[in-house]
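Below is one structure, written out as structure tokens; the observations come after it.
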Amino acid sequence: QPFALYATRRVHSVLDANAIFNVVNREHVPRRPVQLNESMPILDAAGEPTGICIETFTVPGKVALWLEDPNAERFGSVAEDTIGVAIRAEGSEARLFYLPGCADVPDSLKARFKPTDTVLFDGTTYTEHEMAEAGVGQKSASRMGHLVMSGPQGTIARLADVPLARRLFIHINNTNPVWLPDSEARREIARQGWDLAFDGMELTL
């Protein structure tokens, strides 16, 4: 099935350096770089317009686990390791922000959002140490490069003053109590105007 693979130059260099990724045949899957902070059309594998435009930008995050350098600052992470994507249909002003990995909410990120935007934001964990408390791992949310949902420094609080059309959590770990419909965590995110994305969800721009 032909499709186009868009990524930062940093990510393309990682793919080029590891032959295992050649299983994605370049004859059917052309690799195309994105230009950060610029709107660009998305073309299909044959170079035909899809009707979708994107703008990519760096966000605080962490290099992939298998690329970590334990002896380097921030484990060797560089800016293009983690990006956000603003997606819009041509002719529409409404945008969908896709941010499945994000370690902070700086003012520069908040300034990008408009009241007509929908945001899909990193919802990996509800609390900082829930994986250890659940007995499934020792890494904290921040060690993994994620921002927690709850608390005064969590996503809900950090985006509370930002008007948005819709706000949804995505990339939710199986330890996160929001998966339980009758949990206090689920009730709390609903009270704060958040919902959960789900497999098969369709959003119209």
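Values for this structure:
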| quantity | calculated |
| --- | --- |
| Vicinal HN-Hα couplings computed from phi for the stretch 11-26 (Karplus, 6.51 cos²θ - 1.76 cosθ + 1.60; Hz; Gly/Pro x) | 5, 4, 5, 5, 5, 5, 7, 10, 4, 4, 6, 5, 4, 7, 4, 5 |
| Reduced Cα scattering model of the stretch 80-166, Debye log10 I(q)/I(0), q = 0.12, 0.17, 0.20 Å⁻¹ | -0.40, -0.73, -0.94 |
| Largest-first principal axis extents, alpha carbons of the stretch 156-205, Å | 29, 27, 16 |
| GNM top mover of 30, 152, 177 - the chain, alpha-carbon springs below 10 Å | 152 |
| Per-residue Cβ neighbour rank within 10 angstrom, fewest leading, 126, 6 | 6, 126 |
| Efficiency of FRET from Cβ geometry, residue 89 and residue 66, R₀ 45 Å, rounded to 0.05 | 0.80 |
| Integer Hz, Karplus 6.51/-1.76/1.60 couplings in order for the stretch 49-57, x for Gly and Pro | x, 9, x, 10, 10, 10, 10, 10, 7 |
| Candidates 166, 74, 191, ranked by Gaussian network fluctuation over the chain, Cα under 10 Å, top entry | 191 |
| Calculated from backbone phi, Karplus (6.51, -1.76, 1.60) coupling profile of the stretch 188-197 in Hz, x at Gly/Pro | 5, 5, 5, 4, 8, x, 9, 9, 10, 6 |
| Mean separation of Cα contacts under 8 Å (6+ apart) over length of the stretch 47-196, as relative contact order % | 19 percent |
| DSSP beta bridges in the chain [antiparallel fraction, %, rounded to 5] | 50 percent |
| Solvent-free Debye scattering, log10 I(q)/I(0), computed from the Cα coordinates of the chain at q = 0.13, 0.14 Å⁻¹ | -0.82, -0.95 |
| Dipole moment magnitude, nearest 20 debye, the chain about Cα centre, only Lys, Arg, Asp, Glu C-beta charged | 180 debye |
| Candidates 168, 67, 96, ranked by Gaussian network fluctuation over the chain, Cα under 10 Å, top entry | 67 |
| P(r) histogram, all alpha-carbon pairs of the stretch 47-111 included - 5 Å bins from 0, percent | 4, 15, 21, 18, 15, 12, 8, 4, 2, 0 |
| For residue 195, residues with placed amide H under 5 Å, excluding near neighbours | 167, 168, 169 |
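Values in this text are rule-based calculations from the coordinates and carry no lab data. All of these numbers come straight from a predicted model, not from anything done at the bench. Glycine also receives a Cβ, built like all others from the backbone with ideal geometry; neighbour counts cover every protein chain displayed.
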